[in-house]
Amino acid sequence: MISLREWEAEDQPATRRLLIRAFGQPDEADLVEALRAEGAVILELVAEAEQQVAGHILYSRLTIDPSEGSAQVAALAPLAVDPDFQRRGVGGALIHMSLPMLAHAGVDAVFVLGDAAYYSRFGFSSELAATLQSPFPPGDHFMAMELSPGSIEGCHGKVCYARAFDL
């Protein structure tokens, strides 16, 4: 059985191990720690299974420059699932649980860089992000989802990630 909850400071060692194991190197673990140190984290959740941290998701502060309106936006990065627990719905559960929590916290839209086939299942769209200038090479891998309908539709400007991303 999988349980989901907000990340707590005592989860740091297990979360770091999970991120290194899931990505095969420490870059994402270092990014998460830098986002925490910067104070850029909006929401961070873990999934537990078999008495261990099996999954992790983090959302951080994001801005659009120049600001068009007052939309509050976030970046989903990273999402990680321990290889032993992949293909069991852990990542999907983390996304499904976190999006309403973000909306409740006042976040209007979320951006993600990732596999379009995977993230589109949750409502992310590269078309919605197409009018914005991404710091990443063009492609369908840069996607957005509105949690508040119309909050970023037709928005123009540069998407600016937290400093920890070093973009």
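Restricting attention to segment 83-113, the residues that are of a type outside the set (Lys, Arg) and free of Cβ contacts under 8 Å to residues at least 24 places away in the same chain add up to 3. The set of residues from segment 7-40 being closer than 20 Å to Ala93 by Cα, of a type outside the set (A, V, I, L, M) and in contact with a strand residue (DSSP E or B) (Cβ under 6 Å, 6 or more places away or on another chain) comprises Trp7, Asp11, Thr15. Please enumerate the residues belonging to segment 27-61 that are more than 14 Å from the chain's Cα centre (by Cα) and under 20 Å from Val159 (Cα atoms). Ala34, Glu38, Gly39 - these are the residues of segment 27-61 that are more than 14 Å from the chain's Cα centre (by Cα) and under 20 Å from Val159 (Cα atoms).
A short reminder: the numbers here are calculations on the coordinates, not readings from a lab. These figures come from a predicted structure and were not determined experimentally. Here the Cβ is made from the backbone with ideal geometry for all residues, glycine too, and neighbour counts use every protein chain on show.
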